[in-house]
Amino acid sequence: MKCVVIGIGGVGGYVASVLCKNGEDVTLVARGGRKEALRHKGLVLHSAYMGEHVFHPAVTDDAAIIGMADIVFVCVKNYSLVEALRSVEPCIGEKTLVVPVMNGLDHAAVTAEILSRGIVVDSVMYITSSFNDDYSITESGGFARMGVSSKTAEAAETVRALLHHPGEMTCFIPEDMEAAAWSKYILNCAYNVITAYYKANIADLSQGRRLTKFRDLIDEAYAVAVANGVSLAADLPQSIYEKIMGPRNDKNSTSSMARDVMSGRRTEVETFSGYLVRLAHKLHVPVPVSERFYEALKHTGV
């Protein structure tokens with residue numbers, strides 16, 4: 001398939017690597033130093049799951065020269081979604097599958113609203129990955145999973161089949177995409193926010209007061225989801241808490257938002273905190289801890 005990937009960070013770089021490894025026709029859309037690094041050194045992947053690889057897909061900063069694509073993966077931060085969609089719009093036709101792969105809850109809806117063509121396939125990604133100073137990609141969790149869903153069942157199945165490669169990525173179609181997306185979102189509303197606020201890793205959260213606030217953030221986000229009509233298991237908050245604080249997790253790990261704060265980059269605070277707080281107000285759900293962290297973080301990296 002003719003594949004285009006925009007946003008060649010930890011997630012986009014890994015998705016592109018899976019596509020390249022399996023012989024797809026891949027073009028990366030990148031600018032500046034990242035474009036030059038990809039052109040001269042290739043797409044370099046250091047992966048605990050897939051291994052060490054260097055791929056050499058086509059790279060451009062002008063999607064208009066690509067022609068019509070079969071599928072476009074949009075792997076940027078939420079605040080860059082609209083700009084990214086506009087830049088790849090020339091290669092999106094009526095039958096092009098468009099897969100926004102990012103954090104949050106509304107990226108598929110925004111994509112469908114912005115684009116006049118294409119078939120949107122929603123996704124939820126589970127991976128621990130980041131890009132390095134030399135624009136290489138590091139995947140450190142030893143896993144990569146993506147859930148996909150679309151109003152068109154055939155579209156979702158096409159993406160699933162394209163990306164499902166044992167030992168590289170597991171791609172599946174969730175029974176309840178809304179519940180899957182919210183389950184990850186609740187984790188991010190707590191983990192990304194508290195590690196960004198304290199500029200902390202998991203080990204740093206083990207201190208009593210921080211640990212209590214971490215659980216408060218989980219519980220508040222869960223309460224908002226339930227009030228919003230999402231069908232979630234009653235033990236989900238405890239499951240999320242144990243997933244992060246359990247003994248099998250790397251205690252030196254931190255979140256993408258914490259890394260952005262520490263690097264002085266723009267953050268996804270509106271995705272992980274602002275969206276939740278605004279929805280809580282709309283639903284009349286009290287979220288005092290989430291509000292406090294949002295107020296403290298909303299001016300970071302802007």
Next item on the list: List the pair-distance distribution P(r) of segment 14-93, using every Cα-Cα distance, as the percent of pairs falling in each 5 Å bin from 0 up to the bin containing the longest distance, rounded to whole percents.
Entry: 3, 14, 24, 24, 21, 10, 3, 0
Check: For the residue pair Met1 and Asn249, what label-to-label distance in nm results when each label sits 7 Å from Cα along the Cα-to-beta-carbon direction?
Finding: 3.3 nm
Checklist line | Separation of the Ala161 and Ser140 label points, Cα + 7 Å toward Cβ, nm | finding: 3.7 nm
Note to self: From the phi angles alone, apply the Karplus equation (6.51, -1.76, 1.60; θ = phi - 60°) to segment 22-31 and give each ³J(HN,Hα) in whole Hz, x where the residue is Gly or Pro.
What the structure shows: 9, x, 6, 7, 10, 10, 9, 9, 8, 10
Check: On the accessible surface of the chain, probed at 1.4 Å, how many percent belong to carbon and sulfur atoms?
Finding: 50 percent
Note to self: Spelling out what I want: for every residue of segment 222-238, take phi, set θ = phi - 60°, compute 6.51 cos²θ - 1.76 cosθ + 1.60 (Karplus), and round to whole Hz; glycine and proline get x.
What the structure shows: 4, 4, 5, 4, 4, 5, 8, x, 7, 8, 10, 5, 5, 8, 4, x, 5
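Rounded to the nearest angstrom and ordered from largest down, what semi-axes does the equivalent ellipsoid of segment 200-274 get from its C-alpha gyration tensor (root of 5λ)?
The answer is 22, 18, 11 Å, longest axis first.
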Check: In nanometres, what is the gap between the two model label sites at Arg209 and Val226, each 7 Å from Cα along Cα-to-Cβ?
Finding: 2.8 nm
Check: Tell me, how many Å apart are the Cα centres for segment 12-51 and for segment 145-182?
Finding: 21 Å
Margin query: With a 1.4 Å probe and all protein chains kept in place, how much accessible area does Ile8 have, in Å² rounded to the nearest 10?
Written below: 10 Å²
Item checked: Rg(Cα) / (2.2 N^0.38 Å) computed for segment 169-302, rounded to two decimals -> 1.02
Checklist line | Extension reserve of the Asn22-Ile114 stretch, reckoned as 0.36 nm per residue once the Cα distance is removed | finding: 30.0 nm
Check: Two-decimal Rg/Rh of segment 49-190 from alpha-carbon positions, Kirkwood Rh?
Finding: 0.95
Checklist line | Extended-chain gain in nm, criterion 0.36 nm per residue less alpha-carbon gap, Thr300 and Val82 | finding: 76.4 nm
Check: Summing -39500 (n - 2.57) over the DSSP H runs of n ≥ 4 in the chain and dividing by its residue number, what mean residue ellipticity at 222 nm do you reach, to the nearest 500 deg cm²/dmol?
Finding: -13000 deg cm²/dmol
Next item on the list: Rounded to the nearest 10 degrees, what's the angle between the helix 177-198 long axis and the longest principal axis of the chain, both from Cα atoms, 0 to 90?
Entry: 70 degrees
Margin query: If each residue of separation counts as 0.36 nm, what is the full-extension length gain between Lys282 and Met68 once their alpha-carbon separation is subtracted?
Written below: 72.9 nm
Next item on the list: State the answer as a single residue: which of Ile119, Val224, Thr254 lies farthest towards the positive end of the charge dipole of the chain, with beta carbon charges of +1 for Lys and Arg and -1 for Asp and Glu, about the Cα centre.
Entry: Thr254
Item checked: Order by protection proxy (mean Cβ within 10 Å, highest first), peptides 146-157, 229-240 -> 146-157, 229-240
Next item on the list: Could you tally the net charge around Ala161, taking each other residue with its Cβ under 14 Å from the Cβ of Ala161, Lys/Arg +1 and Asp/Glu -1?
Entry: -4
Item checked: Cα lying deepest toward the dipole's positive end in segment 1-100, options Ala69, Ala58, Ile92, charges on Cβ -> Ala58
Item checked: Restricting segment 210-291 to trypsin sites (Lys or Arg not before Pro) in coil, as DSSP defines it, with at most 11 other Cβ within 10 Å -> Arg248
Notebook entry, point to check: Rounded to the nearest 20 Debye, what is the dipole magnitude of the chain about its Cα centre when Lys and Arg each give +1 and Asp and Glu each give -1 at the C-beta?
Noted result: 680 debye
Check: In segment 1-79, which trypsin sites (Lys or Arg not before Pro) fall in coil by DSSP and have 14 or fewer other Cβ atoms within 10 Å?
Finding: Arg31
Checklist line | Accessible area in square angstrom per residue, the chain, 1.4 angstrom probe | finding: 44 Å²
Check: For segment 40-130, what mean projected area does the convex hull of the alpha carbons give, in nm²?
Finding: 6.7 nm²
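The values are calculated or read from the model by the stated rules, or taken from the named source; none is laboratory data. Because the structure is a prediction, the values reported are computed rather than measured. Positions of Cβ are backbone-derived with ideal geometry, glycine not excepted, and every protein chain shown enters the neighbour counts. Each accessible area value is taken on the protein alone, full model and side chains, heavy atoms only, with ligands, DNA and RNA left out. Shrake-Rupley method; radii C 1.70, N 1.55, O 1.52, S 1.80 Å.
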